[in-house]
Ligand code: GLC
Ligand code: CA
């Protein structure tokens with residue numbers, strides 16, 4: 001793997017609406033972010049991705065952009081942005097923007113002009129087509145429910161394509177003029193000083209241009225729109241062009257949100273000549289999913305989790321570095337999702353975070369993860385804002401679930417679980433705002449908040465800080481960043497362990513992924529206990545306890561791992 005400046009770094013995602021509100025209007029903003037840069041630095045963060053802050057009608061929380069060159073006033077002014085870039089630079093933090101170019105908003109002037117004159121210049125910026133047999137051009141279902149086709153405003157016989165909400169018309173990447181507009185915009189932001197982009201829903205930019213029906217997969221007669229991705233060839237041509245014309249001249253950091261891609265194409269995505277610097281590793285996140293919808297999704301087991309993570313590391317680590325997450329703004333909270341109900345506590349939260357941070361890849365934290373924020377319990381659908389959650393709620397009801405059952409599904413799966421305000425303190429609304437938050441906070445902010453954890457040595461926050469320090473340490477940094485990852489005792493159930501073999505150090509990472517204790521035999525010599533989620537951080541880095549050796553009776557070592565214990569051993 002060719003070494004890159006970001007390999008040893010740590011990244012953090014900010015969901016700006018919910019991070020920190022500086023002026024009491026209930027919406028997080030750029031000034032709020034500026035005020036927390038020291039907090040992020042302290043935590044050990046070098047790269048910050050901010051979800052969309054562009055001008056937007058917020059049908060999909062900013063993922064529907066009506067002007068790529070303007071910030072939404074809710075977040076602040078361009079001066080605030082310049083200040084943020086300056087202040088971040090002072091602290092050696094790089095700011096990464098969200099790049100949403102598969103689609104824009106139906107309020108973007110391009111779309112308005114397209115509706116005025118579908119056969120003119122801007123009509124070619126979108127996919128506009130005649131219907132078929134008195135209906136839509138084909139039977140694809142959008143990500144947020146309903147057909148991907150809607151009537152072009154003011155035209156009864158013309159439809160436009162939207163893979164997501166109807167307010168998010170897809171941009172026609174086949175049109176060179178459109179592509180050049182986008183590259184110009186990207187260069188404008190890079191020129192301004194942003195370090196790069198997270199590329200939203202990027203695989204969708206290439207369509208299967210036949211726009212044919214596929215066999216229906218639900219009673220609505222439609223099929224998942226993603227099916228077309230299996231037939232859409234040549235996305236790399238667009239991506240390479242974008243890289244050459246927009247990213248490469250600025251040496252921009254780029255990270256793709258990539259689902260539904262072909263494994264054998266990994267090289268073309270993140271290999272040496274790849275079109276991105278990195279992509280997120282979503283292997284665990286697609287587990288348990290069902291084509292029928294959230295109501296039909298299954299709880300993920302520890303062994304499934306392990307297989308997914310091991311699988312993707314196995315095929316990616318010789319090619320490039322993926323980014324590791326346990327959650328983001330589109331997912332439920334990782335600790336609620338991957339740990340059994342009733343077993344979510346500080347120990348198990350640290351275990352999950354520890355595994356994520358010790359696996360090969362760029363650790364990419366999501367706001368609130370570092371304090372162990374959890375899912376919320378939604379008791380009324382009115383508490384939900386997210387467009388996708390509303391759709392899934394109705395799908396569940398249509399399938400015969402009661403309201404209570406459907407709300408349970410939502411509480412387990414909703415994207416709004418991750419979007420509740422950041423919990424800074426035990427003050428009203430978790431200290432996120434002096435006003436009324438745009439989305440109600442999680443009731444547990446009184447127990448789970450930054451202030452309470454900041455000076456407590458055994459807190460989740462202290463654990464994350466210590467793990468990030470380890471990653472940058474002289475002693476273990478090389479092994480953690482570049483060491484080969486190989487599974488260890490892979491067959492053992494509810495147990496996740498792997499080695500990281502660096503040039504000089506070898507680390508053995510192990511996690512007892514259950515509440516019952518488990519005995520582990522180790523033949524290798526244990527040099528040190530590098531990290532242990534059951535010890536205070538200041539007790540890390542000590543020699544292995546004698547009783548481990550005694551327990552083995554002269555045959556190596558034997559450790560009795562307590563429930564959810566997580567260890568990093570130097571061997
Ligand atoms: C990505 C975003 C998600 C958004 C969608 C449409 O998946 O992460 O939040 O709804 O794209 O832009
Ligand atoms: Ca505000």
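Below is a table of values for the structure above.
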{"quantity": "Breaking point among (1) in contact with a strand residue (DSSP E or B) (Cβ under 6 Å, 6 or more places away or on another chain); (2) without any contact (Cβ under 8 Å) to a residue 40 or more places away in the chain, for residue 473", "calculated": "(1)"}
{"quantity": "Selection count where residues are part of a loop (DSSP other than H, G, I, E, B), within 13 Å of ligand 2 (Cβ to nearest atom) and surrounded by 20 or more Cβ atoms within 10 Å (Cβ to Cβ), scope segment 1-47", "calculated": "6"}
{"quantity": "Matching residues in segment 332-369 - criterion: being in contact with a strand residue (DSSP E or B) (Cβ under 8 Å, 6 or more places away or on another chain) and more than 19 Å from residue 512 (Cα to Cα)", "calculated": "360, 361, 362, 363, 364, 365, 366, 367"}
{"quantity": "Which listed residue, of 73, 57, is more than 16 Å from ligand 2 (Cβ to nearest atom) and surrounded by fewer than 17 Cβ atoms within 10 Å (Cβ to Cβ)", "calculated": "57"}
{"quantity": "Residue match in segment 485-499 (condition: touching a residue at least 60 places away in the same chain (Cβ under 8 Å), within 24 Å of the chain's Cα centre (by Cα), in a strand (DSSP E or B) and over 18 Å from residue 348 (Cβ atoms))", "calculated": "yes"}
{"quantity": "Count - residues of segment 41-60 that are within 12 Å of ligand 1 (Cβ to nearest atom) and touching a helix residue (DSSP H, G or I) at 6+ places or on another chain (Cβ under 9 Å)", "calculated": "5"}
{"quantity": "One residue from 431, 361 being within 16 Å of ligand 2 (Cβ to nearest atom) and either surrounded by 20 or more Cβ atoms within 10 Å (Cβ to Cβ) or in contact (Cβ under 8 Å) with a residue 24 or more places away in the chain (or both)", "calculated": "431"}
{"quantity": "Residue within segment 177-187 that is within 23 Å of residue 50 (Cβ to Cβ) and within 16 Å of ligand 1 (Cβ to nearest atom) present", "calculated": "yes"}
{"quantity": "Segment 410-433 - residue that is over 22 Å from residue 60 (Cβ atoms) and touching a helix residue (DSSP H, G or I) at 6+ places or on another chain (Cβ under 8 Å) and, of those, farthest from ligand 1 (Cβ to nearest atom)", "calculated": "426"}
{"quantity": "Sole exception among (1) in contact with a strand residue (DSSP E or B) (Cβ under 9 Å, 6 or more places away or on another chain); (2) loosely packed, with under 13 Cβ neighbours inside 10 Å; (3) at positive phi for residue 541, by number", "calculated": "(2)"}
{"quantity": "Qualifying residue in segment 112-124 (condition: within 16 Å of ligand 1 (Cβ to nearest atom), surrounded by 14 or more Cβ atoms within 10 Å (Cβ to Cβ) and modelled with pLDDT of 95 or more)", "calculated": "no"}
{"quantity": "Subset tally (residues that are out of contact with any helix residue (DSSP H, G or I) (no Cβ under 7 Å at 6 or more places or on another chain), part of a helix (DSSP H, G or I) and surrounded by fewer than 20 Cβ atoms within 10 Å (Cβ to Cβ)) for segment 258-304", "calculated": "8"}
{"quantity": "Cβ-Cβ under 6 Å pairs, at least 6 apart or on other chains, segment 318-333 side under 29 Å from residue 410 (Cα atoms) and in contact (Cβ under 8 Å) with a residue 24 or more places away in the chain, far side in a loop (DSSP other than H, G, I, E, B) and within 16 Å of ligand 2 (Cβ to nearest atom)", "calculated": "329/15; 329/51"}
{"quantity": "Members of segment 390-412 found to be under 21 Å from residue 438 (Cα atoms) and crowded, with 23+ Cβ neighbours inside 10 Å, listed by number", "calculated": "393, 410"}
{"quantity": "Boolean, residue 377 is surrounded by fewer than 20 Cβ atoms within 10 Å (Cβ to Cβ) and either assigned to a loop (DSSP other than H, G, I, E, B) or within 16 Å of ligand 1 (Cβ to nearest atom) (or both)", "calculated": "yes"}
{"quantity": "Condition check for residue 106: out of contact with any helix residue (DSSP H, G or I) (no Cβ under 6 Å at 6 or more places or on another chain), touching a residue at least 24 places away in the same chain (Cβ under 8 Å), within 16 Å of ligand 1 (Cβ to nearest atom) and in a strand (DSSP E or B)", "calculated": "no"}
{"quantity": "Cβ pairs under 7 Å, 6+ apart, first in segment 28-42 and farther than 22 Å from residue 441 by Cβ and without any contact (Cβ under 8 Å) to a residue 60 or more places away in the chain, second in a loop (DSSP other than H, G, I, E, B) and away from ligand 2 (no atom under 12 Å from the Cβ)", "calculated": "37/91; 37/93; 41/91; 41/93"}
{"quantity": "Checklist (1) more than 16 Å from ligand 1 (Cβ to nearest atom); (2) crowded, with 20+ Cβ neighbours inside 10 Å; (3) within 24 Å of the chain's Cα centre (by Cα) applied to residue 92, failing item", "calculated": "(2)"}
{"quantity": "Number of positions in segment 507-538 that are buried (at least 19 other Cβ atoms within 10 Å of the Cβ), assigned to a loop (DSSP other than H, G, I, E, B) and within 33 Å of the chain's Cα centre (by Cα)", "calculated": "2"}
{"quantity": "Any hit, segment 168-178, residues being over 27 Å from residue 57 (Cβ atoms) and not in a helix (DSSP H, G or I)", "calculated": "no"}
{"quantity": "Residue match in segment 129-152 (condition: within 16 Å of ligand 1 (Cβ to nearest atom), outside any helix (DSSP H, G or I) and closer than 30 Å to residue 466 by Cα)", "calculated": "no"}
{"quantity": "Some residue of segment 195-208 being over 30 Å from residue 94 (Cα atoms), part of a loop (DSSP other than H, G, I, E, B), free of Cβ contacts under 8 Å to residues at least 40 places away in the same chain and in contact with a helix residue (DSSP H, G or I) (Cβ under 6 Å, 6 or more places away or on another chain)", "calculated": "yes"}
{"quantity": "Residue identified as farther than 21 Å from residue 37 by Cβ, within 16 Å of ligand 1 (Cβ to nearest atom) and out of contact with any strand residue (DSSP E or B) (no Cβ under 7 Å at 6 or more places or on another chain) among 439, 407, 397", "calculated": "439"}
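The values are calculated or read from the model by the stated rules, or taken from the named source; none is laboratory data. All values derive from a computational prediction rather than experimental measurement. Backbone-built Cβ (ideal geometry, glycine too); neighbour counts: all protein chains shown.
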